[in-house]
Amino acid sequence: MIDCSVKIGGEAGQGLQSIGFILAKTFCRAGFHIFTVQDYESRIRGGHASFYLRFSDSAVEASTTGINFLVCFDTPTLALYKSDVVSNGYIIYNVDAIKDKVAFKNAIPLPLETLAKESGGDKIFANSIALGAVIGLIGCDLAILENTLSGFFGGKKGSEVVEKNLKSARAGFDAVRRLYPECPLPLSVKPSRERMVITGNEAIALGALAAGCKFYSGYPMTPSTGILNYMAQASDKMGVVVEQAEDEIAAINMCLGASYAGARAMTATSGGGFALMIEGLSLAAMTETPIVIALAQRPAPATGLPTRTEQADLEYALYAGHGEFPRAIFTPGNAQQCFYLTARAFQIAEKYQIPVFVLTDQYLADAYQDFEPFDISKIDTTRYIMTTGELAKIKDYKRHQITSSGISPRALPGQSGPLVITDSDEHTEDGHLTEDLQVRTQMVDKRLRKYESLSKEVIPPSLEGNIKAKTILISWGSNYGVVKEAAQMLNLAALHFQQVWPFPRDEFLHLTRGAERLVVIENNATGQLARLIHRETGIDGLSRINKYNGLPFTVDELTTKIRKENMNRTNKSESHE
């Protein structure tokens, strides 16, 4: 069985993301499953950055601490990760930047920049030297890398640049093969169906397009910017209006205007940008205007660690906005869930005329994974807008009509027939401002009544692994893959929330009945999901494992923490006997 990792480190601006993506595509085309993690500082150039890639015979959705192949463009990379290289691993290091000999059994000195100048005419091609060296050392077919390089640069740079990159990759490949004529890990190409290599951000954008999104407005803010970029690239082909607003206040208000006019609309941001959107969020609730908000979390308060990951905005999304009003919160665990849950977010937003969140984080937003092509036929694109014929049958149309479901019939301004009126102040059924206190109570009850039907459409948490185990590991969002793998290694059960609000209380209690120990695993300091579970179910004694240094859990790190937590729990139990 093949299960290996490659880590490439250097300075921001050296093209590490491109190297990582090309390697990921190459291994995927060779028939392997891949998973990546990107780590970078908040600067355009300089500062340390790394790209981690795991490839395996079987599906992988998390990273490990141990590194099989380390590529060092500079000295800081060597200092940071040398101790993580497994005993039989390999270190390729750039002797143009690292002058001291590396004391490691399988250390391979390569003058990456010198070779780049010789083969491509410029040190900028050091990336392709490194790519060829990795492929040569690991034993993957060079032709697959060449094909991937041609596809990556062909549409952007022209034939001359493509040929220089190919020549450089061959030079790196040959340089390693001269040192290691018999590859330490010869790989055989496996026949495989076409698979996508895609990030969470890209999958969210695709899900929005599949659901019929026709207006997107946002302001660039890491780690949500990839959604804006993808939507902009697809705008002409897919007929979507994409606007880079002057700030997040404008972004959400543009979306509300587009949605009010009948277009499916979306925005995306991170915590600091969402702070500016909150008045618009409440406006959406009061006017009952559907909107989808992708909230990509990062460490805070304030600017925090703007390029790292965290799960500390769950309660923020749940309670943001002045006043009480219904909302839904989806928490995808991988890119595939990002696609389908984003599409579902549009349906729920429009059906119930509410704001809906897709809550991700930097880890999920930037991680490349491989999947079978998404099934567009599974996407429900039903519209919940009154037809002209339906309007013609209504003598006295009321935009905010009080109904038993809380959902009022929605017509669009300019549609033939009635006048469509709404107001940001409390309003009557026909949309006019009012200060009638009885009407106020009726309208609050009407809006909150949507929860009765909305709760019946909640996606229940999934239970995997040893479902009979007495210990259940509980996660939400991006921890899905690492918790699932840890549960498999420890023969435990893993329960994952794809939707945390409305909280699926009955389903949760059913799935956890009989369990003796519930361990909630989160990338925040205070256990926000654990608190929500306690509030909604009354369950006491939840164990918590939290990490909040800006980096995601690795599989071996998490399994160690689970064993340690179990040992501490056992020792406490024995001390009370």
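The values are calculated or read from the model by the stated rules, or taken from the named source; none is laboratory data. Treat the numbers as computed from the prediction; the structure is a model and nothing was measured. Here the Cβ positions follow ideal geometry from the backbone for every residue, glycine too, while neighbour counts run over all protein chains shown. Heads up: the accessible areas ignore ligands, DNA and RNA and are worked out on the full protein's heavy atoms, side chains in. Shrake-Rupley method; radii C 1.70, N 1.55, O 1.52, S 1.80 Å.
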The one condition in (1) part of a loop (DSSP other than H, G, I, E, B); (2) touching a strand residue (DSSP E or B) at 6+ places or on another chain (Cβ under 7 Å) that Y93 fails to fulfil:
(1)
Kindly indicate which of F69, F104 is over 16 Å from S5 (Cα atoms) and not in a helix (DSSP H, G or I).
F104
So, of the residues in segment 485-539 that are assigned to a strand (DSSP E or B) and β-branched (V, I, T), which turns out to be farthest from the chain's Cα centre (by Cα)?
V519
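So that you can scan it fast, the table gives a plain yes or no per residue for (1) modelled with pLDDT under 95; (2) crowded, with 17+ Cβ neighbours inside 10 Å:
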residue	(1), (2)
R505	no, no
V520	no, yes
T526	no, no
L529	no, yes
K564	yes, no
K572	yes, no
Report yes if L70 is within 22 Å of A143 (Cα to Cα) and open to solvent by less than 20 Å² (accessible area, probe 1.4 Å), otherwise no.
no
Just one listed residue, out of T403, T441, is assigned to a loop (DSSP other than H, G, I, E, B) and at pLDDT 95 or above, and it is T403
Given the criteria under 22 Å from E113 (Cα atoms) and among the polar types (S, T, N, Q), does T64 qualify?
no
Matching entry among G465, G417 (being out of contact with any His (no Cβ under 8 Å at 6 or more places or on another chain) and closer than 30 Å to N566 by Cβ)
G465
When you look at T77, is it of a type in the set (S, T, N, Q), open to solvent by less than 10 Å² (accessible area, probe 1.4 Å) and over 30 Å from Q336 (Cβ atoms), yes or no?
yes
Anything in segment 312-333 that is closer than 21 Å to T222 by Cα and touching a helix residue (DSSP H, G or I) at 6+ places or on another chain (Cβ under 6 Å)? List them, or say none.
D313, L314, E315, A320, I329, F330, T331, P332, G333
Please enumerate the residues belonging to segment 261-294 that are in a loop (DSSP other than H, G, I, E, B) and among the hydrophobic types (A, V, I, L, M, F, W, C).
A261, A263
Could you go through segment 245-260 and let me know if any residue there is open to solvent by 10 Å² or more (accessible area, probe 1.4 Å), modelled with pLDDT of 95 or more and in a strand (DSSP E or B).
no
Within segment 313-356, work out how many residues are farther than 15 Å from A211 by Cα, out of contact with any strand residue (DSSP E or B) (no Cβ under 9 Å at 6 or more places or on another chain) and either open to solvent by 20 Å² or more (accessible area, probe 1.4 Å) or assigned to a helix (DSSP H, G or I) (or both).
5
G13 meets each of (1) at positive phi; (2) modelled with pLDDT of 95 or more with one exception, condition (2)
Filtered residue count, segment 384-420, keeping only those that are free of Cβ contacts under 8 Å to residues at least 12 places away in the same chain and either among the small types (G, A, S) or open to solvent by less than 60 Å² (accessible area, probe 1.4 Å) (or both):
1
Of (1) in contact (Cβ under 8 Å) with a residue 24 or more places away in the chain; (2) under 29 Å from W501 (Cβ atoms); (3) over 35 Å from the mean Cα position of the chain (by Cα); (4) not in a loop (DSSP other than H, G, I, E, B), L359 satisfies every one except (3)
Somewhere in segment 151-161, is a residue of a type in the set (A, V, I, L, M, F, W, C) and over 30 Å from the mean Cα position of the chain (by Cα)?
yes
Conditions: (1) closer than 25 Å to D84 by Cβ; (2) open to solvent by less than 20 Å² (accessible area, probe 1.4 Å); (3) charged (D, E, K, R). D556 meets all but one. Number of the miss?
(2)
Say whether the condition of being under 23 Å from G89 (Cβ atoms), open to solvent by 20 Å² or more (accessible area, probe 1.4 Å) and either among the hydroxyl-bearing types (S, T, Y) or assigned to a strand (DSSP E or B) (or both) is met by at least one residue in segment 18-30.
no
Hey, T381 out of contact with any helix residue (DSSP H, G or I) (no Cβ under 9 Å at 6 or more places or on another chain), more than 30 Å from A59 (Cα to Cα) and surrounded by fewer than 16 Cβ atoms within 10 Å (Cβ to Cβ) or not
no
Given the conditions (1) open to solvent by less than 10 Å² (accessible area, probe 1.4 Å); (2) assigned to a helix (DSSP H, G or I); (3) among the aromatic types (F, W, Y), and given that Y230 satisfies all but one, which numbered condition is not satisfied?
(1)
Flag for V162 being free of Cβ contacts under 8 Å to residues at least 24 places away in the same chain and open to solvent by less than 30 Å² (accessible area, probe 1.4 Å):
yes
